[in-house]
Amino acid sequence: MKKVFLILAAMISLSAFAQQKWTLKDCIDYAMQNSITLKQAKLDKQTATETRKQSQSALLPSLSASTNQSFGYKPWLSSGTTTVTNSTVNTTVNKTYYNGTYGINASWTVWNGNQNHNQVKVNKLAEEQAELTAQQSANTIQERIAELYVQILYMNEAIEVNKQSLETSKKQEERGREMVEVGKMSKADLAQLTAQRATGEYNLVESQTNLASYKLELKQLLEITDDQPFDIASPAASDQQALAEIPSMMGVYEQALAQRPEIKNAELAKESSDVQLKIAKAGYLPTISLTGGLGTSTSSNNSKEWGSQMKTNFDASAGIGVSIPIFDQRKAKTAVNKARITQEKALLTMQQRQKELYSSIESLWLDATSNQQKFRAATATVESEQQSYDLLNEQFNLGLKNIVELMTGKDKLLQAQQSMLQSKYTTILNQQLLRFYQGETMNI
């Protein structure tokens, strides 16, 4: 019943989402709850937790109870039990017999060079690493969602630009037909206007196809497999967002270095390798253990009663054992050498993660800075090209400019508009990712 309720709740939640447009926060929240990758990472964390609990329990003594019940048969047995009843001697030969043993045994490793305690430390670190791995996967998913979300926003605006361009091309084509009818334009020039209109239609279809592809990829990333309509909210990304101050590269790096899960994970791996080296060195040390046991037995061949046998045969034992390694076929030395190699590799991995983090932040910062500058330049270029094209269009309608000049002006305007949009949204995305590396929530 509980499973049915959870399934219905999930269906209702998904249906509610399908009826509204998804914000970036909606996408991230949904992915954090439904991502198969994250669910697998959480299961890995649970496995690490169970391993840690088992190693902690291994510090305690072990206690076990045992019993063995057996039947026996002696086919050539000739002597047996003799009894006298009313002056009559009776001899009974029992060729089958029954034995039973009962015992309780305990053992405890008192000291083994602290291998058991250090193993608990290693498993605790592994549990923390599993949690950090899950966080790392969550960060990767959030970053990819942001990239797709911004790309969709960019394509939405690019489609509007292409629609406006296509509408202008249609009007120019219609104007060209009118000019051909009155003899002010050749059919060759009209053909160029028609080709320009066809190119505009192609550009619009291509941008719409790209938009559908990005939406599909985002939907798949969110693990949505039904056929419900899917669309994102399209907040107006203002120019002020793209022109906002970009955080300093070193400031972002220092904050990311202190909190990013991939860095903490590498640090814990280095710490774990240090403890594993101690475990390996303990192979040179003796092991001290305590043992104890209680036991008794019974047999059908014994003339005493079962309870009497249990009491008579009862014994208790306790002992201490010491195992001192003398020659172990180089096992301890090999383990120590391997642990040192693992330690060095962990140190190099940590340095590599720090270098990769710096490289990622540096790339984001450079992209944000350069695209912000491109956006400023592209904004001025669009204004200039728009004025130039408006003048060319007016002069073309008056017959003062030819078709080649008009088409060249329009191509320049369209290219400037696309460049402005691309640099704008690239800047916004990189700014969001930089803040995400600082530990802030992405919000567009």
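The values are calculated or read from the model by the stated rules, or taken from the named source; none is laboratory data. All of these numbers come straight from a predicted model, not from anything done at the bench. For neighbour counting, all protein chains shown are included, and Cβ atoms are generated from backbone atoms with ideal geometry for every residue, glycine included. All accessible areas refer to the heavy atoms of the entire protein, side chains included, with ligands and DNA or RNA removed. Shrake-Rupley method; radii C 1.70, N 1.55, O 1.52, S 1.80 Å.
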For region 181-253, the accessible surface attributable to carbon and sulfur atoms (probe 1.4 angstrom, ligands and nucleic acids excluded) amounts in percent to 53
Gain upon complete extension [LEU63, GLN395; 0.36 nm per residue less C-alpha separation]:
109.5 nm
Percent of accessible area on region 137-176 owned by carbon and sulfur, 1.4 Å probe?
41
How far is it, in nm, from the label point at THR349 to the one at LEU290 when both lie 7 Å from their Cα along the line to the Cβ?
3.9
Before rounding to the nearest 500, sum -39500 (n - 2.57) across all DSSP H runs of length at least 4 in the chain and divide by the residue total; then give [θ] at 222 nm in deg cm²/dmol.
-24000 deg cm²/dmol
Check THR23: other-chain or 5+ apart residues with amide H under 5 Å from its amide H, H built from backbone geometry?
ALA233
Per residue, how many Å² of accessible area does region 206-325 show with a 1.4 Å probe?
57
Karplus ³J(HN,Hα) for region 223-232 (6.51 cos²θ - 1.76 cosθ + 1.60, θ = phi - 60°; Hz, whole; x = Gly/Pro) runs 6, 9, 10, 8, 9, 5, x, 10, 7, 9
Counting only chymotrypsin sites (Phe, Trp or Tyr not before Pro) that sit in a DSSP loop (anything but H, G, I, E, B) with at most 11 other Cβ atoms within 10 Å, what is the longest stretch of the chain containing none of them?
77-326
Could you check which residue among GLY321, GLY409, GLY183 shows the biggest mean-square fluctuation in a GNM of the chain with a 10 Å Cα cutoff?
GLY183
Distance from a point 7 Å along Cα→Cβ of ASP29 to each backbone N in region 225-254: keep the residues under 17 Å and list them by number.
231-235
Please find, in a Gaussian network model of the chain (springs between Cα atoms separated by less than 10 Å), the residue of GLN142, GLN129, GLN46 whose mean-square fluctuation is greatest.
GLN46
Which whole-Hz couplings ³J(HN,Hα) result when phi for each residue of region 377-393 is put into the Karplus expression 6.51 cos²θ - 1.76 cosθ + 1.60, θ = phi - 60°, listed in order with x for Gly and Pro?
5, 5, 4, 5, 5, 4, 4, 5, 5, 5, 4, 5, 5, 4, 5, 4, 5
Which residues qualify? For TRP111, with a placed amide H closer than 5 Å and at least 5 residues away or on another chain, they are ILE288
Structure-derived Kirkwood radius over Cα pairs in Å - corresponding label in (i) 22.1; (ii) 22.9; (iii) 30.4
(iii)
Evaluate the charge dipole of the chain about its Cα centre and quote only its size in Debye, nearest 20, assuming +1 on the Cβ of each Lys and Arg and -1 on the Cβ of each Asp and Glu.
2600
Starting from the Cα of GLU160, step 7 Å toward the Cβ, then list every residue of region 390-433 with an amide N under 19 Å from that point.
413-429
Using 1/(1 + (r/R0)^6) with R0 = 30 angstrom and r between the beta carbons of PHE71 and SER107, what's the FRET efficiency to the nearest 0.05?
0.45
Can you tell me the FRET efficiency between ARG340 and GLN54 if r is taken as the Cβ-Cβ distance and R0 is 30 Å, rounded to the nearest 0.05?
0.65
Count charges around LEU391 for me, please; just the other residues with Cβ under 12 Å from its Cβ, Lys/Arg as +1, Asp/Glu as -1.
-3
Test item: Cα-centred dipole of region 334-444, Lys/Arg +1 and Asp/Glu -1 on Cβ, debye
720
Pop out the carbon and sulfur fraction of the accessible area of region 350-400 as a percent, whole number, probe 1.4 Å.
48
Plugging the Cβ-Cβ distance of PHE230 and SER186 into 1/(1 + (r/R0)^6) at R0 = 41 Å yields, to the nearest 0.05, a FRET efficiency of 0.25
If each residue of separation counts as 0.36 nm, what is the full-extension length gain between GLU245 and THR37 once their alpha-carbon separation is subtracted?
71.4 nm
